[in-house]
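Chemist: Next up is a structure, given as structure tokens.
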Amino acid sequence: MAVWTFFIAFAPLSTAQTPTPLAANGRLKVINRQLCNEAGTPIQLRGMSTHGLQWFGNCSSLASTQALATQWGCDVLRAAMYVDEGGYLSNRTGIKAQMDNIIDWSEQTGMYCIVDWHILNPGDPNAHTADAIDFFKQEAQRNAGKKHVIYELCNEPNGVSWSSVKSYAEQIIPVIRQYDPEAIILVGTPNWSGTPGDVTANPITGANAYNIMYTFHFYAGSHYTQSYISTVLQTVPLFVSEWGTSNYSGNGGNDYTNAQNWLNLFAGANPSNIKVSWCNWSFCDKGESSAALNTGACGNGGWNNTSTSGAWVKEHLLSPADNWGSGTVNKSPTVSITAPANNSSYVTPAAITLSATAADADGTISKVEFFNGTTLIGTVATAPYNFIWAGVTTGTYSITAKATDNLNAVTSSAPIAITVRASNANQNPIVALTRPTNNAQYTTPISIIVEATASDPDGTIAKVEFFNGATLIKTMTVAPYSFSWTNLAAGTYNLTAKATDNLNATTTSSIIQFVVNQPNTNTDLIGVNCANLNDVTVFELNANQRANATNYNWWCNGSTQSIVPVSGQPYKATFSFGQWFTGGNVCVGVNYAQAPWYKQFCKNITRCTKATIGSTGAVSDGGKDGNVALVMRVTYPNPTKDKFTFTTDAPLQSLRVLDHLGRENLIFKDLEAYQTLDFGANLPVGVYFLEILEVNQVKKVLKIVKTI
Ligand code: IDC
């Protein structure tokens, strides 16, 4: 029994076309609207279409496929997979299995196979786009690298514009190209694939617009538009994936004369001399005049039990039969990817070594190209075929290697999938407070500049927040991260800056602590807040404390040289602080003629740090002028041989460097509090004056010396 089956199945191969259409022509391509074989030679494929797989599945088998290949002279078999009308959408698994069988039987028997998404009712292919994407994705994955599969995206759009069909096709084509990048793709046209001329003004364009053909269908009993098609052929690549000898219903009177006119045109009798490939509707045994077999033929293997139409079509396939030569056709190269393994994953930054092996049985490999989808990544001309794909960003990639042999035959490898992920070890941002300085002391009223630096080693800074203790005081999203914090109240401040990066990781700076003091608010005793050694200065009791006063007694609990009441004005006293004064309370005790009878007023006087010409280190005017104490620091040795460094506690209008004749050498304007300046590197040797102009117009001068 097994031997008998074997005989039945393979005996017809003895009359096969030698070589088979597939072996002779290999990978197909479209060149200038003409279907060509792998060697670039124009060819015409002719063959049959099945009827609906859901109705006439019994007309498709390995045996019937062999009959078509070897006894009918078919080059191509179209599997008409209805989508509606009880087709694929009603039985996805079963109908797809039928489709896949026909694909494989076609390959085994050396024919091309058209995978036909046979939409008809409804006529808008967009009705089933998601299903089509899913289906064609599965088929393209399954058939990737096979040379005989042709995809037909939508049998016969009707009641729909070309732009809608095009939009549908533009969603399906990339899905196929991702896995089976070289395949021929057939796109249906409006009016039951009757008006491919619609494409002329608006063809599919872009990176995927190659190896695409548009379909034209005709029924000889209804359609007589040869001149129209001759014109369309001048601009549009056509494939007649379905035609019948009957009228458009699939039944009725057959017009063989008209059918012959069409076949003549497709054989090349058109102004463009283009050969147009075709499939006849249909290889089935339905009782309709377009059916190629007589009723009941499929049930008993009657693959040559032809109807009138079937006999006419078979005769035209066989006389003349295609002659595919004597087997001298160039053999295509082989190629496969050896690394990375399928489904490999990487972490950014990724540099991926792509490796392939390639060989050519009857020649040499001229190059191997690596593709990501349809995008060329790199080309390698000689073995080993390794290419380092560097700088790969996150994503999922489908990689193929394409080998080209010395006669320009090409083969693409099966695709491999690669995933590149972002490094999940996000690094925290870096942040530091650069202003104010730690442990700074201020006196109200005061505004300060707060500043932070922030950066992220592997991303960007989303924001920097400034806190005083737990209280948010400012949020900044753009560098520089600095702002003026105005009118600070007296108190102790604990500043931090918190940086957040683009992935929400945060870092908080170390704390900068500073103190804002109230100025000396003693308004009862009027006089300086500080004294230098040997200063002589007058203190006075405020007039509003002097009513009913009878006696004033002045003293100081720090060392003083003398305290002398002003003659005739005992509510004033002249203090000579002498050379030992280190600070202390200046006080006056007052007797009154009535309650409160006696009261004591004190004011704490500190030692001023006098601005010392030619000094190093901090110098201060000590607030002697009644303004906020200004600390002026020439922190670089003064005298200096090269440059001076100057820092100010408070904002300044200007800082000028004058020479000994009062001529301005340098000027800096609008200094911020805590601004540091380096200057003087280019000044000649000499004596200079640093003229400091505070915002309240008070001017101070400091002598600086540049030495040899
Ligand atoms: C016809 C079949 C017929 C079936 C009908 C509806 O021959 O048996 O009942 O479909 O499914 C086409 C279509 C093709 C049609 C054919 C004939 O692509 O499905 O088949 N035809 O009407 N376009 C123009 C004609």
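What follows draws every value from the coordinates through simple rules; no lab data is involved. Every value quoted in this text rests on a predicted model; they were computed, and no experiment measured them. Here the Cβ positions follow ideal geometry from the backbone for every residue, glycine too, while neighbour counts run over all protein chains shown.
Chemist: Of Asn342, Pro415, Thr364, which is farthest along the charge dipole of region 297-446 in the positive direction, counting Lys and Arg as +1 and Asp and Glu as -1 at C-beta?
Modeler: Asn342
Chemist: Over what distance in Å are the Cα centres of region 267-343 and region 158-228 separated?
Modeler: Region 267-343 and region 158-228 have Cα centres spaced 21 Å from each other.
Chemist: Give the lysines whose C-alpha is closer than 18 Å to that of Lys599, dropping any in the same chain fewer than 8 places away, or say none.
Modeler: Lys599 reaches Lys572.
Chemist: Same structure again: Apply the Debye scattering formula to region 24-144, with a single equal point scatterer on each alpha-carbon and no solvent, then give log10 I(q)/I(0) at q = 0.19, 0.22 Å⁻¹.
Modeler: Reported log10 I(q)/I(0), two decimals: -1.09, -1.28.
Chemist: When the Cα atoms of region 273-362 are enclosed in a convex hull and the volume is divided per residue, what value in Å³ results?
Modeler: Taking the convex hull of the Cα positions in region 273-362, it is 287 Å³ per residue.
Chemist: Taking the Cβ of each residue in His660, His128, His51, His316 as the centre, tally the other Cβ atoms inside 10 Å and list the residues starting with the fewest.
Modeler: Final ranking by Cβ density, sparse to dense: His660, His316, His128, His51.
Chemist: In a Debye calculation with equal point scatterers on the alpha-carbon sites of region 151-300 and no solvent, what is log10 I(q)/I(0) at q = 0.10, 0.17, 0.21 Å⁻¹?
Modeler: Values, matching the q order: -0.37, -0.98, -1.28.
Chemist: Summing -39500 (n - 2.57) over the DSSP H runs of n ≥ 4 in the chain and dividing by its residue number, what mean residue ellipticity at 222 nm do you reach, to the nearest 500 deg cm²/dmol?
Modeler: After summing the helix terms and dividing by the residues of the chain, the value is -4500 deg cm²/dmol.
Chemist: In Å, what is the Rg of the alpha-carbon atoms in region 512-570, and how long is Dmax?
Modeler: So, for region 512-570, Rg and Dmax equal 15.0, 53 Å respectively.
Chemist: Sort Thr50, Thr640, Thr215 so that the residue with the fewest other Cβ atoms within 10 Å of its own Cβ comes first and the one with the most comes last.
Modeler: Final ranking by Cβ density, sparse to dense: Thr640, Thr215, Thr50.
Chemist: Then there's this: Using all C-alpha to C-alpha distances in region 452-550, build P(r) with 5 Å bins and read off the rounded percent in each one.
Modeler: Spelled out bin by bin, region 452-550 gives 2, 10, 15, 14, 10, 8, 7, 7, 7, 7, 5, 4, 3, 1, 0, 0 percent.
Chemist: With unit charges on the beta carbons (Lys and Arg positive, Asp and Glu negative) and the dipole taken about the Cα centre of the chain, which residue among Tyr442, Val564, Gly188 sits farthest to the positive side?
Modeler: Checking the options against the dipole of the chain, the answer is Val564.
Chemist: Could you list, bin by bin from short to long, the percent of Cα-Cα pairs of region 355-413 in 10 Å steps?
Modeler: 24, 53, 19, 4, 0
Chemist: Working from the pairwise distances between different alpha carbons, so that the mean of 1/r is found and then inverted, what is the chain's Kirkwood radius in Å?
Modeler: So the Kirkwood estimate lands at 34.2 Å.
Chemist: From the cross-link list Lys147/Lys286; Lys29/Lys275; Lys166/Lys314; Lys498/Lys643; Lys474/Lys700; Lys166/Lys367, which pairs have alpha carbons spaced over 25 Å apart?
Modeler: Listed pairs above 25 Å: Lys147/Lys286; Lys166/Lys314; Lys498/Lys643; Lys474/Lys700; Lys166/Lys367.
Chemist: Mind pulling the per residue volume of the convex hull built on the Cα atoms of region 372-531? Å³ is fine.
Modeler: Looking at region 372-531, the number lands at 165 Å³ per residue.
Chemist: Principal axis lengths of region 299-437 from Cα atoms, whole Å, largest first?
Modeler: 102, 41, 24
Chemist: Here is a further query. Is there a quick way to get the dipole size of the chain? I mean about its Cα centre, with the Cβ of Lys and Arg at +1 and of Asp and Glu at -1; what is the value in debye to the nearest 20?
Modeler: Using Cβ point charges on Lys, Arg, Asp and Glu, the chain gives about 3000 debye.
Chemist: Order of Arg27, Arg33, Arg546, Arg663 from fewest to most other C-beta atoms within 10 Å?
Modeler: Arg663, Arg546, Arg33, Arg27
Chemist: Per residue of region 379-393, in order, report the coupling 6.51 cos²θ - 1.76 cosθ + 1.60 (Karplus, θ = phi - 60°) as ³J(HN,Hα) in whole Hz, putting x for Gly and Pro.
Modeler: 10, 10, 8, 10, 5, x, 8, 10, 9, 8, 8, 9, x, 6, 8
Chemist: Taking 0.36 nm per residue of sequence separation and subtracting the Cα-Cα distance, how much length would be gained by fully extending the chain between Asn386 and Thr93, in nm to one decimal?
Modeler: 101.5 nm
Chemist: A further question follows. If I fit a long axis through the Cα atoms of helix 129-143 and take the longest principal axis of the Cα atoms of the chain, what angle between them do I get, 0 to 90°, rounded to 10?
Modeler: Result, in degrees: 70.
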